[in-house]
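First up is the structure itself, then whatever we jot down about it.
Derivation of every value follows stated rules applied to the coordinates shown; laboratory data play no part. As the structure is a prediction and not an experimental result, all values here were calculated from the model. Heads up, the Cβs are rebuilt from the backbone with ideal geometry, glycines too, and the neighbour counts pull from every protein chain shown.
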Amino acid sequence: MENEQNSAKMNINWFPGHMAKTRKMIGDNLKLVDVVIELTDARIPLASRNPEVNKMVGNKPKVIILNKSDMSDPQINEEWKKHYREQGQKCIFVDSIKGTGINQVKAALKEIMKPVFEKDMAKGRIFRPIRVMVIGIPNVGKSSFINKLSGRAFAQTGDRPGVTRSKQWVKISGDIELLDTPGILWPKFDDEEVALNLAFTGAIKDEVMDVSELALKLIERFISIYPEQLKIRYKLESLENKTPLEILEECAIKRGCIVKGGEINYERISNIILDEFRGTKIGLISLEKPERRP
């Protein structure tokens with residue numbers, strides 16, 4: 001186990017070829033759609049936004065969807081609603097598994113396009129479906145969102161980043177058509193906190209990073225923002241004056257992650273902590289809020 005004091009920046013440069021193709025495809029197909037839906041992770045609303053999207057979309061109407069809202073802190077969700085409202089940006093919190101917020105999405109799309117369709121009708125033009133492009137980083141739940149919006153299993157889903165590989169049109173009833181796109185990330189993570197938040201939530205493949213280092217970083221974050229949830233989940237008496245490594249080892253002992261000779265199985269306990277965070281077993285957690293954003 002490396003000395004935890006070695007806190008060199010985690011340099012992640014993950015930009016597969018299909019990501020570059022997706023960025024070009026988005027630019028080429030923007031002229032075909034009326035509205036852009038940018039799907040983000042409600043636990044990390046900023047880290048899960050591609051910083052190039054605004055530049056690519058330009059003046060095209062956009063709705064920000066904060067998916068996985070059932071996994072994020074409800075109080076922090078309210079802060080983000082206020083934040084986006086003050087910016088004049090339309091945002092909707094969605095749970096793509098249960099369907100919470102889906103009807104709000106449909107209503108928002110129709111509201112955005114109402115003035116356009118009224119002008120079309122005045123000119124005698126025939127009604128056409130609202131064409132929408134869905135953009136999101138890998139593993140943000142795009143396929144589940146599209147399936148719930150369409151009411152059928154149309155898009156392929158998976159819990160690994162990068163399941164969707166090519167664009168596809170999905171018809172939502174008779175008045176909305178969606179253009180799904182593969183997940184897109186940007187070439188380099190210059191901000192370590194952004195990279196960590198993406199890794200914590202699984203947007204970056206675990207194989208890219210050292211799982212034990214990632215678990216230590218997550219514990220460090222919990223000490224700062226959700227100490228009680230960490231204590232309760234792993235039955236820890238106190239976090240005071242303890243390093244992340246000491247807490248990780250205490251968690252390992254509590255969970256029986258010990259190998260022959262009494263040594264700590266760091267990989268096993270690290271995977272447990274990451275899996276339990278991602279599965280909301282530690283609690284409903286938001287890693288970012290407007291005044292605590294990267």
Under the Karplus relation with 6.51, -1.76 and 1.60 and θ = phi - 60°, whole-Hz ³J(HN,Hα) for the range 242-256, x at Gly and Pro, equal 10, 7, x, 5, 5, 5, 4, 5, 5, 4, 4, 5, 4, 9, x
Counting only C-alpha contacts under 8 Å and six or more residues apart, can you give the relative contact order of the range 31-93 as a whole percent? 38 percent
FRET efficiency for K114 and E291, Cβ-Cβ distance as r, R0 = 35 Å, nearest 0.05? 0.50
Based on Cβ point charges of +1 for Lys and Arg and -1 for Asp and Glu, what charge dipole magnitude is obtained for the range 210-292 about its Cα centre, in debye rounded to the nearest 20? 300 debye
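For the range 210-292, take the convex hull of the Cα atoms, compute a quarter of its surface area, and give me that in nm², please.
On the way: hull surface 22.9 nm².
Reported value for the Cα convex hull: 5.7 nm².
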Förster radius 30 Å - calculated FRET efficiency between M121 and D191 (Cβ-Cβ, nearest 0.05): 0.05
Please list, ordered by chain and number, the residues whose modelled amide H lies under 5 Å from the amide H of R49; skip anything fewer than 5 residues away on the same chain. none
At q = 0.14, 0.19, 0.21 Å⁻¹, the log10 of I(q)/I(0) for the range 17-180 from a Debye sum over equal Cα scatterers comes to -0.71, -1.33, -1.61
Between the range 205-239 and the range 66-132, what is the separation of their alpha carbon centroids in Å? 34 Å
Which of K110, K24, K90 has the fewest Cβ neighbours within 10 Å, and the rest in rising order: K24, K110, K90
Highest mean packing first, using Cβ neighbours within 10 angstrom, the peptides 77-86, 94-103, 36-45, 252-261 sort as 36-45, 94-103, 77-86, 252-261
Env charge @ K82, Cβ radius under 12 Å, K,R +1 / D,E -1, value -1
Once you charge only the Cβ atoms, +1 for Lys and Arg and -1 for Asp and Glu, what is the size of the charge dipole of the range 17-180 about its Cα centre, to the nearest 20 debye? 580 debye
Given a Förster radius of 51 Å and the C-beta distance between K231 and E52 as r, what FRET efficiency does 1/(1 + (r/R0)^6) yield to the nearest 0.05? 0.80
Among F222, G279, G262, whose Cα projects farthest towards the positive end of the dipole of the range 210-292, with charges put on the beta-carbon of Lys, Arg (+1) and Asp, Glu (-1)? G279
